[in-house]
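Working notes, structure below.
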Amino acid sequence: MELRHLEVFLAIAEEGTLTAAGERLHLVQSGVSSTLRALEADLDATLFTRTARRAVLTDAGRALLPEARATLAAAAAARQAVRETQAGLRGPLAVGTMTTMQLVDLPRLLARFQSRHPRVTVSMRAFPDGSAGLVRALTEGELDVAFVSVNGPPPPGVTVRLLAEVPLRLILPPEHPLADAPEVSLAEVAGDRWIDSPLGFGNRAVVDEAFARASLRRSITLEIADVTSIPAYVQAGLGVALVPEFIPLEGTGLRPQRLRGVDLRWSMSLATPGGRVRRRVVATFVAAVEQELGLDREPGTEAV
């Protein structure tokens, strides 16, 4: 198996036809077909089912797809790492972000980084499934580094650097019968309508796990990707919520409640792909984030 085999496979998977894949790679269709046949022979598996209009991935093809992306991304990173030793800090840097970034002044961080390293081209992406999508993009080579919120051990294929951790606080509508209680248990609000982030977001995972540990169930009636807007929905009486304590409540009339018997915390980390040579530009960006937050430099990062 060679990289060109995976490049052809990925082009067919993403473009949908052998003809379109050939146009993307500047290959004639016969060359695309022969390369695909060689890869299928090497793997002893059929990777596509061909219809009159499209090439559709088989189960074997779907299994290969993320591995092919990760392998090609690793090869590209290796090439870029060598170039950086010869030409200084330059090249692309793909950064993944969450919808909630209040703990980091990202515009200022990126402006300083670009000012110091003008030959680095920074791009940014967010994903509708939050940190789960960011981690997936890291392992598949779509991102070089990402701000994520993950619970427990780092996901496979990812290295995580904890940046900050803050408590989650319960907010209730003003007319809720427990709105003035000094503290509230999860059991007391389990039967309420809940407002939370979509699946894949770090704060959602923390609360889901807390309810599971307590053998409680809840009903989520509203999913809001922008965590900063959740208090407005609570104020309107549409449900109860747990939000990170840095989410502003000024002007909402809401008062945060203490949770009885449980300490729930939201964390923000900086994640990079594991098991891959860390490019200088990635190490330098990690150091810039640490400097921005006043953290001790992690071994392997570079001064900015």
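Quick one: in segment 111-163, of everything that is in a loop (DSSP other than H, G, I, E, B) and small (Gly, Ala, Ser), which residue is surrounded by the fewest Cβ atoms within 10 Å (Cβ to Cβ)? That would be GLY152.
Mind listing whichever residues of segment 234-248 are assigned to a helix (DSSP H, G or I) and either within 20 Å of ALA205 (Cβ to Cβ) or β-branched (Val, Ile, Thr) (or both)? Before the answer, list the steps.
Filtering segment 234-248 for residues assigned to a helix (DSSP H, G or I) gives 234-235.
Of everything in segment 234-248, just one residue is assigned to a helix (DSSP H, G or I) and either within 20 Å of ALA205 (Cβ to Cβ) or β-branched (Val, Ile, Thr) (or both), namely VAL234.
A single entry from THR35, THR19, THR100 fulfils the requirement of being in the same structural domain as ALA271 (by TED's automatic domain parsing) and either closer than 30 Å to SER149 by Cα or not hydrophobic (A, V, I, L, M, F, W, C) (or both): THR100. Taking the listed residues ALA210, ALA225, the one that is within 17 Å of VAL166 (Cβ to Cβ), of a type in the set (Gly, Ala, Ser) and either assigned to a loop (DSSP other than H, G, I, E, B) or not assigned by TED's automatic domain parsing to the domain that holds GLN114 (or both) is ALA210, with no other qualifying. Taking the stated definitions as given, is ARG37 surrounded by fewer than 17 Cβ atoms within 10 Å (Cβ to Cβ) and either more than 16 Å from VAL282 (Cα to Cα) or not β-branched (Val, Ile, Thr) (or both)? In short, yes.
Does VAL166 satisfy being among the aliphatic types (A, V, I, L, M) and exposed (fewer than 15 other Cβ atoms within 10 Å of the Cβ)?
On the way: among the aliphatic types (A, V, I, L, M): yes; exposed (fewer than 15 other Cβ atoms within 10 Å of the Cβ): no.
For VAL166, the condition - among the aliphatic types (A, V, I, L, M) and exposed (fewer than 15 other Cβ atoms within 10 Å of the Cβ) - is not met.
Just one of the numbered conditions (1) assigned to a helix (DSSP H, G or I); (2) at pLDDT 95 or above is not true of LEU170: (1). ARG217 meets all of the listed conditions (1) surrounded by 16 or more Cβ atoms within 10 Å (Cβ to Cβ); (2) modelled with pLDDT of 95 or more; (3) part of a loop (DSSP other than H, G, I, E, B) but one, namely (1). Residues in segment 71-89 include none that are of a type outside the set (Ser, Thr, Tyr), under 27 Å from ASN151 (Cβ atoms) and at pLDDT 90 or above.
For segment 1-106, the helices (runs of 4 or more DSSP H) that sit wholly inside it and include 1 or more residues that are touching a residue at least 24 places away in the same chain (Cβ under 8 Å) and among the charged types (D, E, K, R) are 3-15, 29-43, 59-87.
What do you reckon, is SER185 polar (S, T, N, Q), touching a residue at least 24 places away in the same chain (Cβ under 8 Å) and over 25 Å from MET98 (Cα atoms)?
Values: polar (S, T, N, Q): yes; touching a residue at least 24 places away in the same chain (Cβ under 8 Å): yes; over 25 Å from MET98 (Cα atoms): yes.
The answer is yes for SER185.
The values are calculated or read from the model by the stated rules, or taken from the named source; none is laboratory data. Since the structure is predicted, the reported quantities are computational estimates derived from the model, not experimental observations. Methodologically, a virtual Cβ is constructed for each residue, glycine included, from the backbone with ideal geometry; neighbour enumeration extends over all protein chains shown.
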